Each structure stands twice: as structure tokens, then as C-alpha cells.
Amino acid sequence: MKKTTLIILLILLIGSNTIVIVSAGEEIVSTVLNIDLDKKGALISPLLYGAFLEDINHTADGGLYAEMVRNRSFEFLRRYTGWQRVYDRNTAKIEVEDKLSLNENNTHYIKLSIDDEAGELELRNYGYGGMVIEKDKGYRFSVYARCEDSFDGFLRVILENEEGKRCGEAKIEGLTAEWQQYSTIIKAGETSTEARLVVMVAGTGSVCLDMISLFPIDTWKGRENGLRKDLVEVLAEMKPAFIRFPGGCIVEGNSLVNAYRWKDTIGDPAVRKGNPNLWGYYQSYGLGFYDYFLLCGDLGAEPVPIVNAGISCQVRGPQFVPLDELDEWVQDALDLIEYANGPADSFWGAKRAASGHPEPFNLKYLGIGNENWGREYYARFEVFQQEIRKKYPEIKLIIGAGVAYEGPDHRAAWNQAESIGADIFDEHMYCPPQWFYDNVERYDSYDRGKMDIFVGEYAAHGEGNSNNLEAALAEAAFMTGLERNSDLVTMSAYAPLYNKVGSSQWTPDLIWFNNTDVYGTPGYYVQQIFSQNQGDIVIPSELLINSDNQEGNRALYCVTGYDYQSGDIIIKMVNKSGEEQPVKIDIRGGAGISGRGRAIILSSDNLRDENSFAHPRKVAPVIEELSGLVLPFNYVFKGYSVTILRLNR
Ligand code: AHR
């Protein structure tokens, strides 16, 4: 820290906004932050910091969705994925069939046949890399079953640990020739992280099974078709103002054949029509649109669904629904709005009500397409827009900017979107950390009054695409620019959100998990502390920077705001450099400060520092209480840090 005592005030102007200031009669702190409470900047959009939830990296199946059985319905393209068949081929047979299906969406099931009294057979499922069971906790087993060939026996359902020791079991009997669902609760007698589910058949004849399912009782909110509690909790702590779902590229599909169709994802999980998704694995849709809406409600987040615009992923080689066949896709969007908002006696509203939610979900935003562009997209978007506006003029429509975030293609996308009259323009950027620093002022010069901006996906991709402190600092600096321009940038979200270690298609990601643990990355904590300390209005401020201090590089990035409810002045400061940065903070106007406050600091010594399962909070916020502050006061921002100062008034 550089300190000097001088009696004179010296201001040197170097370049356009670089000023050296030496203050009178006190310690010299050459960087000054002047906040003017008499001025008002942008109103900060209440939706500014949200989340983007896509089933990539096994976010849903094998992750958030608490189903423990992998390939419960034998619909995976490799039918036996997840299953081990243990039987004597001389006396028994276990095979996937589709002759007398459970329903038209769930056509495959497994048939187990024994023709000898002494025969024995077992089906084993290892879940997603071993099931996790906890001593004394309950697990809900359910199955659809029917029997053939005068089956006279029963099923035994067993939880086994990695050594094959039985940790809990239940018996299911009374099977009939018709498909029926059976369920039972099994209490685990011990803890194991490598457990398996075993279904044994005893008796002669044949048994057909489908939707073989096991859930912990202890899910998020205790729901039966529920979500993994710890993974939702970490999202809840981020306090997302909205959730954009279900993608991403999976909305588009590799081709229109596996595009995401929301109607396939609602109702009884047994009738949901799963899909081999674009990220290369089968999606059960157990976490479907109803569940997404519920989750939004639980977290107080605005739901922001995205529907396919009649175009499959353009990056992978697009398929276009001909314009004269687009009706079905447009109708899907209209029906989605009715599903979310319609009265419980409307056709689609009744389906929502039947699932347990007669009240509307109060949908306000809808995205048409993801990363789409070009005249084919705009032509289709206009059809959607026209039909939706006719029936639901209150719904704000989001148009994609394509994959270009700058340059002529981006400009063309903006112009097109503007001429179509879309409400919100969705831009995505995955760029090196330096790009985010260089673009802190990006939105200062955007046209106002045309469309709102939704920075729907962004992430700093540095060396090794790791979620380290370097990436987090760059994102935080960029976010100061989003907040300062929140009259225009009304929504933003990091992408992607989750990564299941070992099952990943994309890094970096905000939250990492395995079957037992979860941790937030430094970038996660940036999102969390920005969202938890958002404020209501930007207060214009001036950061007067000493160039010596910066060694020619800018180190500090800042946005200042005010929170009406608490009366706090909120300073968000990013120090990109490894050096401490002393700043003299002065506040003009208003009724001064109380002298008390709080500093929330995210920092570490090394830009390469990351969190891990072993050290989940290596880079995590710490809170320091402040007192005795008298204006102006000096505050030293740590090297490599994001600091949020909340000054009480
Ligand atoms: O976030 C990962 C992917 O990046 C999204 O699915 C897509 O929209 C973007 O290309």
C-alpha cells in the first residue's frame, strides 16, 4: 500500500479517465471512489441475476432428478444400459420386449421367465455409478408389473451394498395379468455409496416389469417424483431471480427428431416420452416442465421456458420445419401458455391442475428458439410472435441473437430482431477472461428503448476451461457493467449451471457434484453474492484511478447502488490485480452513513485457485463487519478479489 502525507491537493490528468489524486493533510490514497447520492442511475431490474438450467452434464438424470435407477423404463437405445441380468440360461430368460406395452410412450419393458421351480433370477441396477443409501433412511420402490404363463410367485426387492450384503428388502406379491403399479418403502439398514437395487423373481412363469424406480423419501420438499435436496439447496442459495429452462441446444435437438417437446415431459412419469438428447444421453423427462415450474415457484424465480422455433441446432446442420407446417410448433407454444396460466378447467390448465397445481404458474416470458439466426429463423419467429400476441399480448417474447455476440452477424441479428419488434434480445458469450474485462462498458453505448437485453448464457473460458478465480473475477467485472446498464440488461445467467463429475460434456460450469457431494465454484459465489446484494437502483459513481497504482493496466471495476429496504449503499468492487488496492471512498448527498456496514469478500492468493470436493470453500466469500466509518474513509481491497461493501445509513 502506498501512503504519503502531503499538504496540497494534486490532480494529474493522464489520459481520458486516469487521474492521480493526492488528498490534503492525510494519508495519501491515490484511488478515489466518489458516490453521489443525489444522482440516480438505472433502476436495477429485479430479474437481473438468474439461472440457466439445461440437462447437460447429467444435470437432470443422474443429478437433480432424484431417481436412483438408471434406465428404469428400458427405453434407452441400448436397452440393457444400467442393468445386469443374473440367471441360468438353461432354466430362465430375461429379455426386453415391446409386445404388450405399458403405454404408447413407454413401449419397452423387461420380461423375466422361469420354467423350473429351482430356477432363480435377478435383475440388478447400479444407478448412475453406484447408488447412495443412508442407514435408517427410507427409499420408495415402485414398479409396474404384470404376469404371464400362470406365474405363481412374487418379487423380492433388495438393497445390497457393494459386497452384496442385504441392507433392506421388501416383497411384492399379488401380481395380475394387467399392468399395475406396486410400491413399497424400504428402510436402509446401513450406509453405502456403491449400493445396488436387486429385483429377484421367485416362482415359475413370466413376469413383465416396467418403470422400476427407487427414490429417496428425503427429496427436495419431500416430493415423490422429486429432486435431489442438496443440489436444489445450492441453487436456492444463489437466489436466482428467474430460471431459463430446459436449454440450450437440447431445445433445438441434433435434428427435429430429438428436439425438446414440452408435452412429452408432463403428467405421470410413466407416460412421459423420454428422448435421447443432443448431449448424447437418454433423458427420462422425469424432471419435466411441471417440475421446472414447481422449482421456480419454490425458489421465487420467474419461469423462463424456451420452445423450439421449428429449427434444429443450426451449428450442427439445421433442419427447418416448412413454414406451412409450422402450426403444430406454434400450437405447442400457445398450449404451453395455457398449461402455465390457463384456468384449471381449460384443456391444458386442467392437466396442470391434475398434477396438483390448480393455481396458475403466472408465466410472463417465453423464448422462441435458442441460438438461432438467419432469415429462416426470423420468418418463423414472426409467425410465433403474431399468433402468441393475438392470444396472449401480455407475454414477453425472447428472440435469440444466434451464436455471434459481436461483429456484423450480431449487428444484423439485432437489426432483424428490432424490426420484428421482439421484446427481449438474448445474447450468449463464451469468451476468454480478457474479453469480459474489455467488455465491461459493452452496454453503455447500446441503443435504448428498442428491446431489453437478456445475457442468457455467458462464462469466461480461460486456460483449461477451469472454474478458477481468474474466470470468476472476469465475470464479476463484466457483471458490474450489466448492473450499471440494468435499464437495458434486464436479465442475465451464467451457463451451464451444473456438472456431474465424470459425466460431463461441457466445462466450465457453475456447480459441480457427484453422487454424494456438491460444491460451488468461485464463479458460483460471484453469482451468489451479486444476487444476494443486488440493490434497487444504481447510484452513479466515479472511480478516479492512479495510473502508478495500476502499472498501466486497469485493476478496479466497480458499480454502486442503493437498496431501498435496508437503506444500504452497496459497492461492488472487483480487483483484478494481485496487489492490494487502497481506495478513498467518499459519498456526497443523502444523509451520510451510520458508520456501520459489512464487507463480503471473495479472494485468494492465486488466480488459478479453484474449489474442489476436498476443499469446497477454498475460494468462498467471507464476511467482515465494519464499524466506525467516517466519510471519507479508506478501504483496502484485497488482491484478486471481489468485494461487496454494504454501508448502513
Ligand atoms: O451452455 C451450453 C450450450 O452453449 C447451450 O446448450 C447452448 O445454448 C450454447 O451453445
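Looking at segment 452-479 only, could you name the residues that are surrounded by fewer than 21 Cβ atoms within 10 Å (Cβ to Cβ) and touching a Phe, Trp or Tyr at 6+ places or on another chain (Cβ under 6 Å)?
Within segment 452-479, H461 is the sole residue that qualifies.
Tally the residues that are within 25 Å of the chain's Cα centre (by Cα), farther than 21 Å from G248 by Cα and of a type in the set (A, V, I, L, M), restricting the search to segment 405-442.
1
In the list D264, D218, D210, which residue meets the criterion of being at pLDDT 95 or above, part of a helix (DSSP H, G or I) and away from the ligand (no atom under 16 Å from the Cβ)?
D264
G297 - would you say it is surrounded by fewer than 23 Cβ atoms within 10 Å (Cβ to Cβ) and either away from the ligand (no atom under 16 Å from the Cβ) or more than 20 Å from S101 (Cβ to Cβ) (or both)?
Spelling it out, G297 is indeed surrounded by fewer than 23 Cβ atoms within 10 Å (Cβ to Cβ) and either away from the ligand (no atom under 16 Å from the Cβ) or more than 20 Å from S101 (Cβ to Cβ) (or both).
Looking only at segment 303-329, filter to residues that are under 26 Å from the mean Cα position of the chain (by Cα) and more than 16 Å from the ligand (Cβ to nearest atom); which one of those is surrounded by the most Cβ atoms within 10 Å (Cβ to Cβ)?
Filtering first and then ranking leaves G310.
So is P276 within 25 Å of I212 (Cα to Cα), surrounded by fewer than 19 Cβ atoms within 10 Å (Cβ to Cβ) and of a type outside the set (F, W, Y) or not?
In short, yes.
Being more than 14 Å from V526 (Cα to Cα) and in a loop (DSSP other than H, G, I, E, B) is the filter here, so list the residues in segment 598-617 that pass it.
Scanning segment 598-617 gives D605, N606, L607, R608, D609, S612, F613, A614, H615, P616.
Tally the residues that are surrounded by 15 or more Cβ atoms within 10 Å (Cβ to Cβ), modelled with pLDDT under 95 and of a type in the set (K, R), restricting the search to segment 78-111.
Total satisfying the criteria: 1.
For G247, only one of the following conditions fails: (1) part of a helix (DSSP H, G or I); (2) within 27 Å of M491 (Cβ to Cβ); (3) not β-branched (V, I, T). What is its number?
Failing condition for G247: (1).
So which residues in segment 33-62 are away from the ligand (no atom under 16 Å from the Cβ), modelled with pLDDT of 95 or more and among the aliphatic types (A, V, I, L, M), if there are any at all?
Listed by number, the residues that qualify are L33, I35, A42, L43, I44, L47, L48.
Here's a check for you: in segment 63-103, which residue that is within 30 Å of the chain's Cα centre (by Cα) and part of a strand (DSSP E or B) is farthest from the ligand (Cβ to nearest atom)?
Taking the candidates together, the pick is W83.
Can we say A599 is in contact with a Gly (Cβ under 9 Å, 6 or more places away or on another chain), closer than 25 Å to Y519 by Cα and of a type in the set (A, V, I, L, M, F, W, C)?
No: the conditions fail for A599.
How many residues, within segment 180-208, are crowded, with 19+ Cβ neighbours inside 10 Å, out of contact with any Gly (no Cβ under 7 Å at 6 or more places or on another chain) and more than 22 Å from D116 (Cβ to Cβ)?
The qualifying residues number 3.
One residue is enough: does segment 572-584 have a residue meeting the conditions touching a Leu at 6+ places or on another chain (Cβ under 9 Å), in contact (Cβ under 8 Å) with a residue 60 or more places away in the chain, closer than 19 Å to L510 by Cα and basic (K, R)?
no
Testing A353 on (1) farther than 23 Å from L47 by Cβ; (2) among the small types (G, A, S); (3) within 16 Å of the ligand (Cβ to nearest atom), one condition comes back false. Which one is that?
Going through the list (1) farther than 23 Å from L47 by Cβ; (2) among the small types (G, A, S); (3) within 16 Å of the ligand (Cβ to nearest atom), A353 breaks only (3).
Yes or no, residue by residue, for (1) assigned to a loop (DSSP other than H, G, I, E, B); (2) exposed (fewer than 15 other Cβ atoms within 10 Å of the Cβ); (3) of a type in the set (V, I, T); (4) touching a residue at least 40 places away in the same chain (Cβ under 8 Å):
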| residue | (1), (2), (3), (4) |
| --- | --- |
| A340 | no, no, no, yes |
| P343 | yes, yes, no, no |
| K351 | no, no, no, yes |
| P358 | yes, yes, no, no |
| L366 | no, no, no, yes |
| E371 | yes, no, no, yes |
| F381 | no, no, no, yes |
| F384 | no, no, no, yes |
| I388 | no, no, yes, yes |
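Which one is farthest from the ligand (Cβ to nearest atom), of the residues in segment 225-244 that are assigned to a helix (DSSP H, G or I) and not small (G, A, S)? Full working, then the answer.
Taking segment 225-244 and keeping what is assigned to a helix (DSSP H, G or I), we get 229-236.
This time we only want the ones that are not small (G, A, S), so: 229-235.
Numbers: K229: 25, D230: 22, L231: 18, V232: 20, E233: 22, V234: 18, L235: 16 Å.
By that ranking, first place goes to K229.
Please give the helices (runs of 4 or more DSSP H) falling wholly within segment 404-501 in which 2 or more residues are closer than 26 Å to S612 by Cβ and modelled with pLDDT of 95 or more. Let's see the steps before the verdict.
Details: elements: 407-420, 433-438, 469-484.
Passing ranges, in order: 433-438, 469-484.
The values are calculated or read from the model by the stated rules, or taken from the named source; none is laboratory data. Please read all numbers here as calculations on a predicted model, not as lab measurements. Counting neighbours? That spans all protein chains shown, and the Cβs are built from the backbone with ideal geometry, glycine included.
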